[in-house]
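Visitor: If you scroll down you'll find the structure; I have some questions about it.
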Amino acid sequence: MYKNLKEIIDSFTTTPFLFVGSGITRRYYNLPSWKGLLEIFINKISSDEFAFASYENRARELIENENALYPKIAELIETDFNDLWFKNKKDIRTLDKYYSDKVKNESVSPFKAEIAMYIKNQSNIVPEYTEEIEKLKKLSIKSISGIITTNYDDFFENNFEGYKRYVGQDELIFSGIQGIGEIYKIHGTIEEPKSIIIDSKDYKEFENKSSYLAAKLMTIFIEHPIIFIGYSISDINIQSILSSIIKCLDTKKIATLKNRFIFIEYSTDVKEYEISEYTMKMEEKVLEMTKVKMNDFSILYNELSKKKNKIPAKILRYYKDELYNFVITNEPTNTIKVGNIEDERIKDDELVMAIGKIQEVAFEGLRGFSANEWYRDIIMNDKRFNTDDILEQIALKLQKQNSNRLPLNKYLCETKKEYAELEKIALENNFDNIISKSIKNSRHRMKYNSVNEIWKEYNNNWEHALFDIAQLEEDKIDVQDLEQILIAIFKKDNNILESNNNSLKSNLRRAIRIYDYLKYGKK
């Protein structure tokens, strides 16, 4: 058994998930318990002091086990409440337009809509716990992986910045969750009252899908420590969910959960905290966990703050989600730029993934962007980087290394920013300056009048064809024909600019500069 809380947290190999019950928002929002919530809504439809006892008595006659008591009471209240609500008796309608529209347009139960609005209106921070809540908020940055909760309120959405929320079993089951920086509201949310799990019918549907939910959460339960907080250890919600998880595991796997499951129990009877072992029997299987009684959750928060991911949870979730979507769709995004992985120019040990500020990551990656890649991209549009990153970070340096001859017009057409020095270089590299004096002097011997004539004559000799194309007068070069020829060359040999034939490379680069000027430079 662990000696202290520090030893428990130190044993975690990853940051934990919090499995949160109503005790947390009773503490921080002063919201009622499940029984208290039902009593509030009974009082809206009845002034009889024995009304709750009456509903409880009726419910007991209809259930087979104690765990079904409150859902059955909720079902009986809901039937009576909705009947009176639709008849508008006892002035029990309090919904604003948002929730009224839910009832009118989405067939939401008035009982659930009124509960949702009640919780929303009553969700105000208890002043004495402001400091404790601030500690919990700080944990969300790097010390907590995510939240699983049966609460309906929006406490965690309001206090855990950047976390993505999933509501109900269906959304959780059919979504590609990332297991970091996420909130799973498995019993619904006040924003969508139809999602709220509260009556017998809701719980029956929940139980029918519990095996699917358990399968979805299995990875989280196996890979992360789980801290249960805000529950009684005998809570039916906990019993039900853990039972579904345990059914999917063999005895050996269940044993591994012993050191991963930490149950926090609030108690005013302890000085700071007490640690003990707790055994929970579920059908034929036994689940062991560590129980910690404490009177101040700050003690837990202080210790958890020492366990940190290197990357903030919301950032890590964001990039995991982006990478997941890229794998599914194969479509690059604003934050994921992927070159052709099958490009033979890229070796396996050169592949890299970087996370950081885009300017810094871009600059480090751009160091490997060569003049040959620049030339090829003018034709093939296969550069690995953002145009503005290239123009801002390395263009001037590469220009100087290449005697200010790199074709710039395409890139300048792609940006909305101004690059005065680069624009000046581009203007100087007009058609007349691209063609050398020796080529101009040999034009009188040119017997061809178009790019296609030359290509038909020399299509098996790229070096000569490209040299002769440069001898054509500007008005005789059809830019579309030239484009097709250059594309054909790169499709046959994508690495042609890496060849040892310097004359061929020189002629090809000149042809690309001509193409860049004719297609983009005149714009």
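Visitor: Identify, by number, the condition in (1) in contact with a strand residue (DSSP E or B) (Cβ under 9 Å, 6 or more places away or on another chain); (2) surrounded by fewer than 19 Cβ atoms within 10 Å (Cβ to Cβ); (3) of a type outside the set (Lys, Arg) that Asp170 doesn't meet.
Guide: Looking at each condition in turn, Asp170 falls short on (1).
Visitor: Hey, among Leu412, Leu497, Leu472, Leu504, which residue is under 14 Å from Ile379 (Cβ atoms), in contact with a helix residue (DSSP H, G or I) (Cβ under 8 Å, 6 or more places away or on another chain) and of a type outside the set (Ser, Thr, Tyr)?
Guide: Answer to the selection: Leu497.
Visitor: Please report, ordered by residue number, the helices (runs of 4 or more DSSP H) entirely within segment 328-407 with at least 3 residues that are at pLDDT below 80.
Guide: 358-366
Visitor: In segment 221-272, how many residues are in contact with a Pro (Cβ under 9 Å, 6 or more places away or on another chain), in a loop (DSSP other than H, G, I, E, B) and of a type in the set (A, V, I, L, M)?
Guide: Total satisfying the criteria: 0.
Visitor: Considering only residues that are crowded, with 19+ Cβ neighbours inside 10 Å and under 20 Å from the mean Cα position of the chain (by Cα), look in segment 121-140 and name the one that is farthest from Ile183 (Cα to Cα).
Guide: Selected residue: Leu139.
Visitor: Another question, if that's okay. Here are some residues: Glu157, Glu161. Which one is in a helix (DSSP H, G or I) and among the charged types (D, E, K, R)?
Guide: Glu157
Visitor: Given the criteria farther than 27 Å from Pro71 by Cβ, buried (at least 18 other Cβ atoms within 10 Å of the Cβ) and at pLDDT below 85, does Arg260 qualify?
Guide: The answer is no for Arg260.
Visitor: Pairs under 6 Å by beta carbon, first residue of a type in the set (Lys, Arg) in segment 405-422, partner not in a loop (DSSP other than H, G, I, E, B), six or more apart or different chains?
Guide: Lys410/Ile378; Lys410/Asp516; Lys410/Tyr520
Visitor: Mind telling me which of the residues Ile180, Ile245, Ile220 ends up being in the same structural domain as Lys35 (by TED's automatic domain parsing) and touching a residue at least 60 places away in the same chain (Cβ under 8 Å)?
Guide: Checking each option against the conditions leaves just Ile220.
Visitor: Among (1) over 19 Å from the mean Cα position of the chain (by Cα); (2) surrounded by 20 or more Cβ atoms within 10 Å (Cβ to Cβ); (3) not aromatic (Phe, Trp, Tyr), there is one condition Glu192 misses while meeting the rest; what is its number?
Guide: (2)
Visitor: Restricting segment 408-423 to residues that are closer than 16 Å to Asp516 by Cα and in a helix (DSSP H, G or I), which is nearest to the chain's Cα centre (by Cα)?
Guide: Only one residue tops the list, namely Glu414.
Visitor: Tally up the residues in segment 180-198 that are closer than 20 Å to Leu18 by Cα, out of contact with any helix residue (DSSP H, G or I) (no Cβ under 6 Å at 6 or more places or on another chain) and outside any strand (DSSP E or B), please.
Guide: Residues meeting the conditions: 2.
Visitor: Would you confirm whether or not segment 210-218 contains a residue that is surrounded by fewer than 21 Cβ atoms within 10 Å (Cβ to Cβ), within 25 Å of the chain's Cα centre (by Cα) and among the charged types (D, E, K, R)?
Guide: yes
Visitor: Name the residues in segment 263-312 that are among the aliphatic types (A, V, I, L, M) and in contact with a Phe, Trp or Tyr (Cβ under 7 Å, 6 or more places away or on another chain), would you?
Guide: Answer for segment 263-312, where residues must be among the aliphatic types (A, V, I, L, M) and in contact with a Phe, Trp or Tyr (Cβ under 7 Å, 6 or more places away or on another chain): Ile264, Ile275, Met289, Val292, Met294, Ile299.
Visitor: Looking at Ser175 and the list (1) at pLDDT 95 or above; (2) of a type in the set (Ser, Thr, Tyr); (3) surrounded by fewer than 19 Cβ atoms within 10 Å (Cβ to Cβ), which single condition is not satisfied?
Guide: (1)
Visitor: Further question: Considering (1) touching a residue at least 60 places away in the same chain (Cβ under 8 Å); (2) of a type in the set (Phe, Trp, Tyr); (3) surrounded by 21 or more Cβ atoms within 10 Å (Cβ to Cβ), say which one Tyr118 fails and leave the rest.
Guide: (3)
Visitor: Can you tell which of Asn88, Asn67 is in contact (Cβ under 8 Å) with a residue 40 or more places away in the chain and farther than 30 Å from Lys137 by Cα?
Guide: Asn67
Visitor: Just to check your reading of the model, which residue among Asn82, Asn151 is at pLDDT 95 or above, within 30 Å of Ala51 (Cβ to Cβ) and in contact with a Phe, Trp or Tyr (Cβ under 6 Å, 6 or more places away or on another chain)?
Guide: Residue meeting the stated conditions: Asn82.
Visitor: So Ala255 ticks every box in (1) without any contact (Cβ under 8 Å) to a residue 24 or more places away in the chain; (2) more than 27 Å from His187 (Cβ to Cβ) but one. Which box is left unticked?
Guide: (1)
The values are calculated or read from the model by the stated rules, or taken from the named source; none is laboratory data. Predicted model only: the values in this text are computed from it and were never measured. Using ideal geometry, Cβ is built from the backbone for each residue, glycine included, and neighbour counts are taken over all protein chains shown.
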